[in-house]
Each structure stands twice: as structure tokens, then as C-alpha cells.
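Here the structure is laid out as C-alpha cells; the discussion comes afterwards.
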Amino acid sequence: MILTPVMKVYRVIRLLFTVLVVCVFLVPTSLVCATLMRCPILGLDPWRFYKFITRKPMEKSHVFIAANHPHMHFVGRWTTTANQLRRDAAFPGSYVEMVVTNTTSIHLSLNNRFFVPEENSNYANEQQDNRLNLQPVQSDATVSQEASIMLQLENDQVYGAECASGIIKVASQLDPDKKYKIRVTHFGGPNSSDAVLEFEGIWVDKPSSFAKENTTVAISTATRTVLLDPRLPDVPAENGLPDKKPHSIAPRRTIEILTSETAMGSITGEDIGEQIEKAEEIMNSRVNVWYNRLSISDAVDTAIVPTTNLRLLPTGESCITVQDLFFRSGPPGTAHFARPWSFQSHEPSVLILQLGLLDFMDFYSEKANRNKHAVEEFTNDFVKAYVKFIQTIRRTAYPFDKTSMPSSSSIGHQDDGSYVYNSAPSTLPLFLIAPFSASRRFVTRKSRLDQVISTALQQVVNVVQLGGDKSTFWIDTTGWLDHKEDFIQQGRDPLSPQQRQPQRLLSQYANFKVASLLSGHLCPYMQGGSEGGGRANAAGQCPFDRHNHYQGDVYLPQNVDFDRAILERKITRIKEQFNIQRADSNLVLYASGRSKGQATTGMSFVRRH
């Protein structure tokens, strides 16, 4: 048989396709895609090819639930894509919670791709430069590199993925009749770098009742029966189906924490070194970190905004400060840093600021700054910067606390916002605490760094309260921790530029202790659900009462005359009650003419005896 040129070309293409298929099944998929990334062929996108060949087998036996499902509970600063199908988290500490049932296996679907470093490139130096400079959003940055995540299944089983990308297996051989709570926490990038977690959704195997069906109705029904709302602590179920009766459970309250005291970094234990026997203790310290203990003990959500490597005062190395970070959607080094954060996404019930560690560490690192004059000058600059930051938060981020207003149900009308006075001040409770790591750093032989920072924070609160802000408070954490007993060594300290010094994490007992002491101060602001703005501790369930919000009055010009009339009325009532007017009869007014018909030409006060 004579082969025509067209047939020859067809056979060559079929041979190349066969070789490609063999390579896909014999060689690891990631290795094939890595090779294609180095040598792109005919404009083929290797990442899309990788997602295609991994998604097709999953579609046969699993159901995909996108990230826009209403029963997925996102906590932290998550941004939504334009098509509403994906959620991105740039700040480490952001997490998503869900409750699954009627399934036997769960997989995560991430848009993060595996990292293939270019030849003759210094990736570490690029990451360090990205931390210190403002990077614009790149038009070609459509897919983020691999991210580090921590998976928690029922708070008992904890898994860590240092380089997570694509489809990740969470659990298998689950009991379909039980409910499983899953939490996926973003831990940044590999080797303590910056990365964005691009969460697409989850894959669950089809329930047994819909295993043989492949229709849209079956998939939709399976989605409703598999994913439950994690904010409902115990949803009654019948025959594997959730109860359809509405539950009047309000959303959980949120505590937003701006801190450098995070337990982020490498989660695989490879950098522990000689302390490998403490790997389990270190993992428990990261899972049971103090802000996670707050959410578990008080049934609230904790949104973390890490301030690693950033200071409140600008330095010569970087002009980016904590204030710049607070109003962004991601940390420096990520594309989300160029995007402002919309504070309408969530309004916390309490805001905790734990700042100042790096500022004072840099200051005391110079021996010339140990004199009293230098300390006072630096403290004044720190207090001014802190006060300015708080005022900016009150003015721009959270200008008005809606939780302080009565709910629409209690008023008896539909709340349309017309009854909210626009000039009302921000009453969001704002607490200032010293960094816990400062308790193990000594300034002198007898004084520790946490005492110095606490003194400065007390000055900050005094300044803002004198300015009329009666919702900012300082919690004295001095003496809460012991620098010898309450810290464990982890490996590398992210606060060290060369990462040579060992990182000190709070022990599991110290995390429990800090969470217990801190929750006592926050308890009265967490009571009352999502309505009522955290009512006062009427039932006596909290160890502390709320701070007095009535220490000062808001100045409203139109109410000056009204307040003056009320004050005069109070004075009159007090005089009538204590018969003060009769006692004043001894103090008479002598005038040249005392009769009503005479004019008074002169007067003087004389006391009779």
C-alpha cells in the first residue's frame, strides 16, 4: 500500500500522541508538567493540561462543590474572583470551615500550581526583595505558586502540606452516617515565603443513592445533602438528610487580631533539627495557638492579620508600615498587597492590636539608645504613630459599629439604615496588648521588654481617651508568662533576618493560659450573640465587667441647649429634695429698693447672724 503524504503525517501525529499518553501514565504527572513548563510546545498551557488530566477521573466518581457554596464558612481576609467561583487568601492564618456528611472521601481543589524555578535564578533573593518593595499587580500572575496549608479533621487528625497544589486528598474511608468538621488553614508559602491560597472547592464522592445517576438534579441534591453549615453546632438529621426546619442561630462573632505572634512557617518538621523529638509538641502548639483557643472556647471566629517583618514606624530599609498592611488585601510580596481591602466584607466585634515588638527590638539593638533621653524620645514617636494608627482605623476602617445599635427585630421595623446617625462615633472595642514574645527578652538585667512596651501602650490609651475615644483599652499582660517555662524552641525565627536564631513558640500550656486570661477580658463583649453589641454581663458569667463607655459625652452642637436644660432641671430637683432653697434664706440680697415697684440701683451680699 502506497502511503500518501497526508497519511504519513497522520501516522506521525498518532505516534506522538501515543508516546505522550504513555508518558502521562508512566511518568508522574507533576514531572511531565514541569518538563512542559520548561519547554512549552505550540503554546500549550501546562497547568491547564495538568488540571484537565487530573479532573477528568474525579468527575466519574466524585461531585465538585465550588467555593461559593453558602455552607462554606470563610474566616479572615478572603477575596472573591470576578466569577464568584474561587476564594483567595493572601494572609497566613485565614481558614475555611465546613461540615460534610453522607460521603466517604474528601479532596481539596486548589488553583495553586507546583513551582518550577527558572535556571540561574535566585528565588530566595527575589522573595526577600518582594517583601521590602511595593509590587504592582502583574497581568500574567493568574496562577499562584504552591502554598502551605494545615488540614484539621474533627480537631483530632492534623495534616500538614508544605507544598500544596492541584487536587489534595484530605480523608478517605469515612463513615457516611457521621458528620466531619474540616478546617483548612493557610500557612503562607514554602520555607516561610509569601504565597496566595487559591481555593476552588472540594471533591466528595457521590452518595450511594446517587452513585448510578449523573444528572444535574442528582448532583445538586447530593451537594445539598453532603455539605452542612458549620455555624450550626448540631443539626438534627433524619435518614442522612438534614432537617429542613429553619434554625434561629445567629452568625458567630468575630475577633480580628493584628499581631506578629503567629505560629506560621514550616509545618513539616524538617527545620526542627536536633529538636525532632519535640515535633508533636510543636505541632500541638501551632494547632492550639492562643487565638485558635479563643475561637474554640468562646465559639467565635478569629481573623488573623500577621504583621511579620513589619513595624509601626518606617525604617530605612522599608517604607511599608503596619498601617499600610492593615488596609490591604495581602502582605507585601503578593499581588494582593496592591489591592485595598473592603472593610464591608466583615465587621469584627472586637479588634486586638499586638504591635511594637520589632520597633523596640530594633531600637534596643543599638547600645547608644540605652540612655534615658533616647528612650523617652523613641517612646514619644512610637506613641504618636500608634495614636495616629488608631485614629485612622476609627475614621476609615470602622467608622461606625453597627452592633452597638439595637436590632431591627427588637425595634419592630425593617432596618434600612435611615435611623443610623452618620456622625455617631466608632464604638468598636479596641484592645491593646504587648507581644507575648517580649516577656522573654530583657532590656536590662531586671526589666523585660514587655514591661517597656506595656508602659508605652498605657500612654497610647491615655492619649486617645483624652481625645474622646472611650472604646480603646489596654490589657496589662505583664506577668502572664514565664520566660523559662512557657516557651519551646522550634527551629528558625522569622524575626531574625538571617533566620539563624531559633524560633520560640508558646508551649501548649502557655497557649491555654493566655487564651483563658484573655477570654476573661473579652467575655462581656462576646455575650449576646450577634445582636446587642455584646450586652453587659447581667448573668455574671464573665469574670470582668465591661469598661465604662460613659466616661465622656459626644459633643453635638444641636444638643448643647438640651443638655444644659437637663442639667439645670437636675440641680433644681436636688435643691428641692434637700430643702436647699429654705437654707439659702439666710443669704439675702440687699438692694436700694426691695419692693417690686422700685428699681434696683445697687446690690450687695450680706449674711445675717
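Every number here is computed from the coordinates shown, using simple stated rules; none is lab data. Everything numeric in this text was worked out from a predicted model, so none of it was measured. Because the Cβ atoms are built from the backbone with ideal geometry, glycine has one as well, and the counts that use them run over all protein chains shown.
Overview of values
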read-out: Flagged links, alpha-carbon separation over 24 Å, of K470/K575; K446/K484; K388/K446; K51/K169; value: K470/K575; K388/K446
read-out: Net lengthening on full extension, Q489/K388 (0.36 nm per residue, minus Cα-Cα); value: 32.8 nm
read-out: Convex hull volume per residue for region 331-386, taking Cα atoms only, in Å³; value: 129
read-out: Within-9-Å neighbourhood charge of N68 [Cβ basis; K, R +1; D, E -1]; value: +2
read-out: Ordering of 368-379, 67-78 by packing [mean C-beta count within 10 Å, highest first]; value: 67-78, 368-379
read-out: Environment charge of V375, counting only residues whose C-beta is closer than 12 Å and scoring Lys/Arg +1, Asp/Glu -1; value: -2
read-out: Peptides 166-173, 51-58, 321-328 ordered by average Cβ neighbours within 10 Å, highest first; value: 321-328, 166-173, 51-58
read-out: Filter on K178/K206; K56/K181; K56/K206 - keep pairs with C-alpha separation over 25 Å; value: K56/K181
